[in-house]
Amino acid sequence: MTTEIQLRDVTEEDLPIFFAQQLDPDANRMAAFTAKDPADRAAFTAHWAKILGDAGITIKTILFAGQVAGHVLSHGWFGEPEISFWLGREYWGRGLATKALSAFLGCVKTRPLYARAAKDNLASLRVLEKCGFTVCGQDRGFANARGKEIEEVILVLEPDEREGTER
Ligand SMILES: CC(C)(COP(=O)(O)OP(=O)(O)OC[C@H]1O[C@@H](n2cnc3c(N)ncnc32)[C@H](O)[C@@H]1OP(=O)(O)O)[C@@H](O)C(=O)NCCC(=O)NCCS
């Protein structure tokens, strides 16, 4: 089977798939800083309306073999430009997040670009590391999916002098 991924703009039809993907308990535990109640469809709908209506956000659906595998986005909600990504459980462990993030970084050239992950979200940290991010700090924050405050790692992708990146 091909391991090629494609990125395309999000459509309304993707949203029920994203909703199902963000319900997975293991994914929630990993991501940690999640919605208060992932099963709350009204909150999900409101959150995604905000995402899709925000001109400062770049978001792409990740397609794998023509199927909606997940999404990747950049936002500036906390001041600095920051990325985030989520894949449906059945797509994990095949290098798809790494490929999707690499492709996304070819479209979103803002640098420095930041990312945050729970300190124990080793898969996410590894994806970020493979895509060139390095650890630049630590933080603590309340993680809805853990019901407590946990440690968080902050990473940065610095400008690549060989490429024309934008600040
Ligand atoms: C995190 C996530 C995107 C990873 O997707 P993926 O497609 O499986 O990632 P990849 O296959 O591209 O890479 C995962 C890497 O982490 C490694 N990894 C996975 N689980 C690991 C673990 N428990 N300990 C150490 N390394 C681990 C893999 O071996 C791989 O590294 P390698 O290529 O050097 O072998 C996916 O699990 C996900 O969507 N999780 C839920 C949401 C989430 O956590 N999003 C990130 C929020 S910051």
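Look at segment 5-20: where a residue is aromatic (Phe, Trp, Tyr) and a partner is surrounded by fewer than 16 Cβ atoms within 10 Å (Cβ to Cβ), sitting 6+ places away or on another chain with Cβ atoms under 7 Å, you get Phe19/Arg41.
Answer with yes or no whether Ala143 is within 20 Å of Lys36 (Cα to Cα) and buried (at least 20 other Cβ atoms within 10 Å of the Cβ).
Numbers: within 20 Å of Lys36 (Cα to Cα): yes; buried (at least 20 other Cβ atoms within 10 Å of the Cβ): no.
So Ala143 fails the test.
If you go through segment 31-60 and pick out every residue that is touching a strand residue (DSSP E or B) at 6+ places or on another chain (Cβ under 7 Å) and over 16 Å from Val72 (Cβ atoms), you end up with 2. Against the conditions (1) closer than 19 Å to Asn28 by Cβ; (2) in contact with a Lys or Arg (Cβ under 7 Å, 6 or more places away or on another chain), Ala143 satisfies every one except (2). Of all residues in segment 90-113, those that are open to solvent by 40 Å² or more (accessible area, probe 1.4 Å), under 14 Å from the mean Cα position of the chain (by Cα) and either without any contact (Cβ under 8 Å) to a residue 24 or more places away in the chain or within 8 Å of the ligand (Cβ to nearest atom) (or both) total 2.
Wholly within segment 42-142, which strands (runs of 3 or more DSSP E) include no fewer than the required count, namely at least 3 residues that are aliphatic (A, V, I, L, M) and in contact with a Leu (Cβ under 8 Å, 6 or more places away or on another chain)?
Here the list reads 58-64, 113-118.
For segment 114-135, the tally of residues that are buried (at least 21 other Cβ atoms within 10 Å of the Cβ) and either farther than 12 Å from Ile83 by Cβ or of a type in the set (Gly, Ala, Ser) (or both) stands at 4. Can we say Val156 is open to solvent by less than 20 Å² (accessible area, probe 1.4 Å) and within 15 Å of the ligand (Cβ to nearest atom)? Considered against the rule, which asks whether it is open to solvent by less than 20 Å² (accessible area, probe 1.4 Å) and within 15 Å of the ligand (Cβ to nearest atom), Val156 comes out as yes.
I'd like the full set of residues that are more than 15 Å from the chain's Cα centre (by Cα) and either in contact (Cβ under 8 Å) with a residue 60 or more places away in the chain or part of a loop (DSSP other than H, G, I, E, B) (or both), limited to segment 25-41.
Taking segment 25-41 first, the residues more than 15 Å from the chain's Cα centre (by Cα) are 25-26, 36-41.
Asp26, Lys36, Asp37, Pro38, Ala39, Asp40 - these are the residues of segment 25-41 that are more than 15 Å from the chain's Cα centre (by Cα) and either in contact (Cβ under 8 Å) with a residue 60 or more places away in the chain or part of a loop (DSSP other than H, G, I, E, B) (or both).
The values are calculated or read from the model by the stated rules, or taken from the named source; none is laboratory data. Please read these numbers as outputs of a predicted model, since none were measured by experiment. Heads up, the Cβs are rebuilt from the backbone with ideal geometry, glycines too, and the neighbour counts pull from every protein chain shown. What goes into the accessible areas is simple: the full protein's heavy atoms, side chains included, and nothing from ligands, DNA or RNA. Shrake-Rupley method; radii C 1.70, N 1.55, O 1.52, S 1.80 Å.
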